[in-house]
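Engineer: The following block contains the structure, expressed as structure tokens.
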Amino acid sequence: DLHGVLLRAAQFYRAQLKAAPHAIEYLKQRGLSGEIAKRFGIGYAPDGWQGLAAAFPDYGARALVTAGLVKQSDEGRRYDVFRDRIMFPIVDVRGNVIGFGGRVLGDGEPKY
């Protein structure tokens, strides 16, 4: 169930924001309070190659690739698409997470 995968990722990203002072500071500088971040489910993707492995014990599951959360290199190694980014869940009219927007904190490229 891709909705379940995306929801679990959103929950993981929200939890990670609490442990990322530089991301919180960035949001504050942009005028976003903790209340606003909570209301819109804003989170943080940690700066690691396989951060989502903490939320998905089966990091090798095909659903992670299908959902656009993980990519696989030509050598077969998997890695998170979103790293060191403020994460904005995109929801449908029913409230289901259907994707993410990621705001880069460093010098990287935007990813959706």
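The values are calculated or read from the model by the stated rules, or taken from the named source; none is laboratory data. Keep in mind that this is a model prediction, so the values were computed, not measured. Methodologically, a virtual Cβ is constructed for each residue, glycine included, from the backbone with ideal geometry; neighbour enumeration extends over all protein chains shown. Remember, those area values only see protein heavy atoms, side chains included, never the ligands or the DNA or RNA. Shrake-Rupley method; radii C 1.70, N 1.55, O 1.52, S 1.80 Å.
Engineer: Can you find, among Leu52, Phe40, Asn96, the residue sitting farthest towards the positive end of the charge dipole of the stretch 27-97, where Lys and Arg contribute +1 and Asp and Glu -1 at Cβ?
Structural biologist: Checking the options against the dipole of the stretch 27-97, the answer is Phe40.
Engineer: Working from the alpha-carbon coordinates of the stretch 53-112, get Rg over Rh, Rh being the Kirkwood radius. Don't skip to the end; give the middle numbers.
Structural biologist: Numbers: Rg = 12.7 Å, Rh = 12.8 Å.
Answer for the stretch 53-112: 0.99.
Engineer: Could you please state how large a percent of the accessible area of the chain is carbon and sulfur, counting protein chains only and using a 1.4 Å probe? Mind dumping the intermediate values first?
Structural biologist: Working: 3570 of 7030 Å².
C and S atoms contribute 51 percent here.
Engineer: Determine the per residue accessible area of the stretch 39-87 with all protein chains present and a 1.4 angstrom probe, expressed in square angstrom.
Structural biologist: Working: 2680 Å² over 49 residues.
Using a 1.4 Å probe on heavy atoms only, each residue of the stretch 39-87 averages 55 Å².
Engineer: When the chain is fully extended, how far beyond the present Cα-Cα distance does Ala61 get from Arg94, taking 0.36 nm per residue of separation?
Structural biologist: Working: separation 33, 0.36 × 33 = 11.88 nm, distance 2.58 nm.
Working it through step by step, the gained length comes to 9.3 nm.
Engineer: Tell me the accessible surface of Phe88 in square angstrom (1.4 angstrom probe, heavy atoms of protein chains only), to the nearest ten.
Structural biologist: It works out to around 80 Å².
Engineer: Another one. For the stretch 1-53, what does the alpha-carbon gyration tensor say about shape, rounded, prolate or oblate, given a ≥ b ≥ c as the root eigenvalues, a/c under 1.5 as rounded, and a/b over b/c as prolate? Write out the running numbers ahead of the final one.
Structural biologist: Working: a/c = 3.17, a/b = 1.47, b/c = 2.15.
In terms of gyration-tensor shape, oblate.
Engineer: What distance in nm lies between label points placed 7 Å from Cα along the C-beta direction at Ser73 and Val104?
Structural biologist: Each label point lies 7 Å from its Cα, and together they span 2.0 nm.
Engineer: So how strong a dipole does the chain carry about its Cα centre when Lys and Arg Cβ are +1 and Asp and Glu Cβ are -1, to the nearest 20 debye?
Structural biologist: Rounded to the nearest 20 debye, it is 340 debye.
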